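A.B. asks: The structure follows.
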Amino acid sequence: MSELDRIRWRSRRGLLELDLVLEKFLDRYLQQLDQEQLDSYKDLLFLPDNDLLDFVDGRRDCPEPRMQQLIVLMRDCWQAAQNDCSQ
Amino acid sequence: MAVTVRQFDAVIVGGGGAGLRAALQLSEAGLKTVVLSKVFPTRSHTVAAQGGISAALGNVQEDKWEWHMYDTVKGSDWLGDQDAIEFMTRNAIDAVIELEHFGMPFDRVDSGRIYQRPFGGHTANFGKTPVQRACAAADRTGHAMLHTLYQRNVRAKTQFFVEWMALDLIRDSEGDVVGVTALEMETGEIMVLHAKAVLFATGGSGRIFAASTNAFINTGDGLGMCARAGIPLEDMEFWQFHPTGVAGAGVLITEGVRGEGGILLNANGERFMERYAPNLKDLAPRDFVSRCMALEVLEGRGCGKEKDHVLLKLDHLGPDIIKQRLPSIREIAIKFAGVDPIKEPIPVIPTCHYQMGGIPTNYLGEVITPQGDNPEVRVNGFYAAGECACTSVHGANRLGTNSLLDLVVFGKSAGNSMIDFIRKERPTHKPLPENAADFSLARVNRIDTQTNGEDVSAVRTAMQKVVQARAGVFRTDKNLALGVTEIKEVAERAKRTQIKDKSKVFNMARVEALEMENLIEVAVATLISAEARKESRGAHAHDDYPNRDDENWMKHTLFDSASRTLSYKPVHTKPLSVEYIPPKERTF
């Protein structure tokens, strides 16, 4: 529990947009990530907020493939959540 | 109960721009300095500031700090303290050049000097013509500042306690500040940090509103700690709003959208701005549009399941215009509202952006409270800077790009004051009171042992609803009085919050319960302060009193939490070296 809590806490960012996207992502995927993905996610949290936002927004792709895989999940999950809301 | 005590010369609570600037000053002076931060410092909300930092460098056009001062006083609607405003605008030039020397990557003109861009409200010759005054690092000015200051602090050997949350201020029997209690999230341990001087740089509290651009961490922790320690909160009725934030998200849609022909609709599909402003319609001034939107919602013509927003319609502009001129707006709408504005309108609502009020301080960064007849007596050993502080340079309304400036100017000033205080007045630690941590331990114990209590997120939602509906942009006597009653009820519920997870290690539920105790203090202060101010000034636009009333209301509000009463103190009308800028009608 505490490990996942720590990950949740570190997903609190300086930018509201990231708070919102990461919260959705964690609600949907946190329990399902394998250890390797969890490690990649933890590394991804070390990125500066503005870089992370660029990746999540799709303005750029993350050069690190294992992180890019998670970013694609984030983009899809956010899109899906938005489609749910608007229906 | 025995609690670990750790000693430092200076304890800084908050790792954003103001905290880091102060810490740098102290560490470079050789003082043992620690910065406590809930999140890694470079993830502080300072990172969200995009617009720039203003200083009358005159690199692009002739400019003078006196003109910058005038703009700031006028922006504040004459509630700003003119000594502090002079101090800030005069020191702005050195502050920006210092950041440049620290390695901050400013945009430049061909000659190599810092480029300056135009920004609303920045003028030359005391309001005559626009002037380019904003210095920026692309659209990442806050980010660049934060990273620059963090690197300098690492070099200066500032200590960082990351993922620590300060819980309470420790004051001794004379009222002097001698440290803080804090929770180390990793272990769940509560410790005492014994300090010669303490600085709060805890940022804003915008999360009290349902619609806010603030990050989740902006929970007013410093204000909550002050309220509980008997330090009043100043000018809490003044909050800056933006008319068009995405409903339910808070992300902003720029006003340029209405300039391009976007229109606002209510639940009946009516273009309601035609009714309020037959000529300007949707292009009426920002605060007026905000109030009309709020009124539509209050009168039951809001859209959506909760009838809590209005719609911003763009589709009539056609796909080409939207794709060409508003690509980033389309991106935001798709992402945060789930609608493509080419086909559907965007749900929007006036959204809280910035807190003008806060912990009462002077331009030296010293926290000052009323005592007997003297409204401004220094609290020994206690300092505040940045958005959590009310210095008051922003008065009733902040001028764009003055927030980053506030952080570095008053962060440095407070740091210098702390160095002086430590060297001249408190060279050794003043003893801690007995059982200094008991109050915090009892608060945490209450949360851990509460039964039949309230869910934290339910109480937070209730609070945000009240603050949004009653102390948002549409303010009337009736609405504010209702809000005071309602927020007191929510405050009772907040005393009984309960958590399921009782573990010690990294317990996020406990942290959120503690944040809630801070938020509710700010919410109560906001409603009570706003209800009492019977005029309109800056961001406090009161429908029953549409005019500014300098005779009765050119004064700062002070809210005392324990008694829930208000007192007032005069605005500083004596600048440090120049002539007083007398009040004028604020027209644009």
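A.B. asks: Taking residue B:34 as the residue in question, decide whether it is away from every other protein chain (no Cβ under 14 Å), touching a strand residue (DSSP E or B) at 6+ places or on another chain (Cβ under 8 Å), open to solvent by less than 10 Å² (accessible area, probe 1.4 Å) and of a type in the set (Val, Ile, Thr).
C.D. replies: It is true that residue B:34 is away from every other protein chain (no Cβ under 14 Å), touching a strand residue (DSSP E or B) at 6+ places or on another chain (Cβ under 8 Å), open to solvent by less than 10 Å² (accessible area, probe 1.4 Å) and of a type in the set (Val, Ile, Thr).
A.B. asks: Which numbered condition trips up residue B:309, out of (1) over 30 Å from the mean Cα position of the chain (by Cα); (2) surrounded by 17 or more Cβ atoms within 10 Å (Cβ to Cβ)?
C.D. replies: Here residue B:309 meets the rest and fails (1).
A.B. asks: What number of residues within segment B:114-130 are in contact (Cβ under 8 Å) with a residue 40 or more places away in the chain and over 18 Å from residue B:148 (Cβ atoms)?
C.D. replies: Step one: filter segment B:114-130 for residues in contact (Cβ under 8 Å) with a residue 40 or more places away in the chain, giving B:114-117, B:119-127.
Imposing the further condition that a residue be over 18 Å from residue B:148 (Cβ atoms) reduces the set to B:116-117, B:119-127.
The qualifying residues number 11.
A.B. asks: Given B:330, B:275, which one is surrounded by 15 or more Cβ atoms within 10 Å (Cβ to Cβ) and among the basic types (Lys, Arg)? Reasoning before the result, please.
C.D. replies: On the way: B:275 fails: surrounded by 15 or more Cβ atoms within 10 Å (Cβ to Cβ).
When all the criteria are applied, what remains is B:330.
A.B. asks: Kindly indicate which of B:178, B:198, B:162 is open to solvent by 10 Å² or more (accessible area, probe 1.4 Å) and touching a Gly at 6+ places or on another chain (Cβ under 9 Å).
C.D. replies: So the residue among B:178, B:198, B:162 that is open to solvent by 10 Å² or more (accessible area, probe 1.4 Å) and touching a Gly at 6+ places or on another chain (Cβ under 9 Å) is B:162.
A.B. asks: Checking residue A:60 against (1) within 20 Å of residue B:330 (Cβ to Cβ); (2) buried (at least 18 other Cβ atoms within 10 Å of the Cβ); (3) away from every other protein chain (no Cβ under 11 Å), which single condition isn't satisfied?
C.D. replies: Unmet condition: (2).
A.B. asks: Any residue at all in segment B:219-235 that is under 28 Å from residue A:19 (Cα atoms), part of a loop (DSSP other than H, G, I, E, B) and touching a residue at least 12 places away in the same chain (Cβ under 8 Å)?
C.D. replies: yes
A.B. asks: A further question follows. Which fully enclosed helices (runs of 4 or more DSSP H) of segment B:318-434 have 1 or more residues being aliphatic (A, V, I, L, M) and out of contact with any strand residue (DSSP E or B) (no Cβ under 9 Å at 6 or more places or on another chain)?
C.D. replies: Qualifying helices (runs of 4 or more DSSP H): B:319-325, B:402-420.
A.B. asks: Additional query: Kindly provide the set of residues from segment B:368-389 that are under 13 Å from residue B:18 (Cα atoms), in contact with a Leu (Cβ under 9 Å, 6 or more places away or on another chain) and either open to solvent by less than 10 Å² (accessible area, probe 1.4 Å) or modelled with pLDDT under 95 (or both), ordered by number. Outline the logic, then answer.
C.D. replies: Going residue by residue through segment B:368-389, those that are under 13 Å from residue B:18 (Cα atoms) are B:383-389.
Narrowing further to those that are in contact with a Leu (Cβ under 9 Å, 6 or more places away or on another chain): B:383-388.
Those that are under 13 Å from residue B:18 (Cα atoms), in contact with a Leu (Cβ under 9 Å, 6 or more places away or on another chain) and either open to solvent by less than 10 Å² (accessible area, probe 1.4 Å) or modelled with pLDDT under 95 (or both): B:383, B:384, B:385, B:386, B:388.
A.B. asks: Something else about it: Among helices (runs of 4 or more DSSP H) lying entirely in segment B:473-588, which contain 3 or more residues that are in contact with an Asp or Glu (Cβ under 9 Å, 6 or more places away or on another chain) and of a type in the set (A, V, I, L, M)?
C.D. replies: B:477-494, B:508-532
A.B. asks: Here's another thing I want to ask about it. Is it fair to say residue A:12 is at pLDDT below 95 and within 8 Å of another protein chain (Cβ to nearest Cβ)?
C.D. replies: Against the criterion (at pLDDT below 95 and within 8 Å of another protein chain (Cβ to nearest Cβ)), residue A:12 does not qualify.
A.B. asks: Within segment B:68-88, track down each residue that is among the aromatic types (Phe, Trp, Tyr) and surrounded by fewer than 22 Cβ atoms within 10 Å (Cβ to Cβ).
C.D. replies: B:70
Table: residues versus (1) within 14 Å of another protein chain (Cβ to nearest Cβ); (2) in contact with a strand residue (DSSP E or B) (Cβ under 8 Å, 6 or more places away or on another chain); (3) within 24 Å of residue B:239 (Cα to Cα); (4) open to solvent by 20 Å² or more (accessible area, probe 1.4 Å).
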{"site": "B:457", "(1), (2), (3), (4)": "yes, no, yes, yes"}
{"site": "B:465", "(1), (2), (3), (4)": "no, no, yes, yes"}
{"site": "B:483", "(1), (2), (3), (4)": "no, no, yes, no"}
{"site": "B:493", "(1), (2), (3), (4)": "no, yes, no, yes"}
{"site": "B:496", "(1), (2), (3), (4)": "no, yes, no, yes"}
{"site": "B:500", "(1), (2), (3), (4)": "yes, no, no, yes"}
{"site": "B:514", "(1), (2), (3), (4)": "yes, yes, yes, no"}
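A.B. asks: Looking only at segment A:15-25, filter to residues that are within 7 Å of chain B (Cβ to nearest Cβ) and among the aliphatic types (A, V, I, L, M); which one of those is surrounded by the most Cβ atoms within 10 Å (Cβ to Cβ)?
C.D. replies: Step by step, filter segment A:15-25, then rank; the result is A:16.
The values are calculated or read from the model by the stated rules, or taken from the named source; none is laboratory data. Note that the coordinates shown come from a computational prediction; the quantities given were computed from them, not determined experimentally. Positions of Cβ are backbone-derived with ideal geometry, glycine not excepted, and every protein chain shown enters the neighbour counts. Quick note on the areas: whole protein, heavy atoms, side chains included, nothing else; ligands and nucleic acids left out. Shrake-Rupley method; radii C 1.70, N 1.55, O 1.52, S 1.80 Å.
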